[in-house]
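Any read-out appearing in this document is the output of simple, stated calculations on the displayed coordinates, not a laboratory observation. Quick caveat, the model's predicted, so the values are computed rather than measured. As a convention, Cβ positions derive from the backbone with ideal geometry for all residues, glycine included, and neighbour counts pool all protein chains shown.
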Amino acid sequence: MHRDTQVLILKCKDCQVHRPVPRNPQQSLTPITSPWPFYKWGIDIMGPFPEGDGKVKFLIVAMNYFTKWIEAKAVATISGGQAQSLSLAKPDPSRKAHTPTR
């Protein structure tokens with residue numbers, strides 16, 4: 001009877017569409033730790049996007065692992081010098097982050 005039920009469920013399209021979705025990760029998660037603020041950064045390059053003002057079409061994004069501070073810079077071409085020129089120092093408190101309105 002158990003085998004018959006398994007076969008029926010595997011053939012039933014509604015049973016496959018509405019089955020519970022597993023929420024557990026396939027592997028155990030490994031935390032990324034940083035001993036103090038601004039010690040470790042992650043840098044990603046995104047694009048190409050449609051050209052904007054100044055012929056920019058790529059985005060360099062850096063994130064501090066400890067504070068989750070994000071810096072982003074739009075560039076026209078990708079080079080190592082541009083990634084290094086991204087301000088990876090402590091954040092400037094005079095700059096305000098843009099908060100979207102609903």
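Placing unit charges on C-beta atoms (Lys and Arg positive, Asp and Glu negative, everything else neutral), compute the dipole magnitude of the range 34-87 about its Cα centre in debye, rounded to 20.
100 debye
With +1 assigned to the C-beta of every Lys and Arg and -1 to the C-beta of every Asp and Glu, and no other charges, what is the dipole magnitude of the range 1-41 about the Cα centre in debye, to the nearest 20?
60 debye
Going by C-beta contacts inside 10 Å, put Met63, Met1 in order with the fewest on the left. Provide the component values of the computation, followed by the final result.
Details: Met63 15, Met1 5.
Neighbour counts put them in this order, fewest first: Met1, Met63.
Just rank Phe66, Phe49, fewest to most, by other beta-carbon atoms within 10 angstrom. All intermediate terms of the calculation are to be shown ahead of the outcome.
On the way: Phe66 15, Phe49 11.
So the residues, fewest neighbours to most, are Phe49, Phe66.
Determine, for Lys13, Lys57, the number of other Cβ atoms within 10 Å of each Cβ, and report the residues in order from fewest to most. Working shown, then result.
Working: Lys13 7, Lys57 16.
Listing Lys13, Lys57 from fewest to most nearby Cβ atoms yields Lys13, Lys57.
Can you give the extra length, in nm with one decimal, that the chain gains between Phe49 and Val61 once fully stretched, where that is 0.36 nm per residue apart less the Cα-Cα distance?
2.9 nm
At most 13 other Cβ atoms within 10 Å and a DSSP loop assignment: could you name the chymotrypsin sites (Phe, Trp or Tyr not before Pro) in the range 9-48 that fit?
Those satisfying the criteria are Tyr39.
For the range 34-87, calculate the relative contact order in percent as a whole number, restricting contacts to Cα pairs under 8 Å that are 6 or more residues apart.
Values: 91 pairs, mean separation 17.3, N = 54.
Once divided by the residue count of the range 34-87, the mean separation gives 32 percent.
Quick check: net charge around Ile60, other residues with Cβ under 13 Å of its Cβ, Lys/Arg +1 and Asp/Glu -1?
Net local charge, Ile60 excluded: 0.
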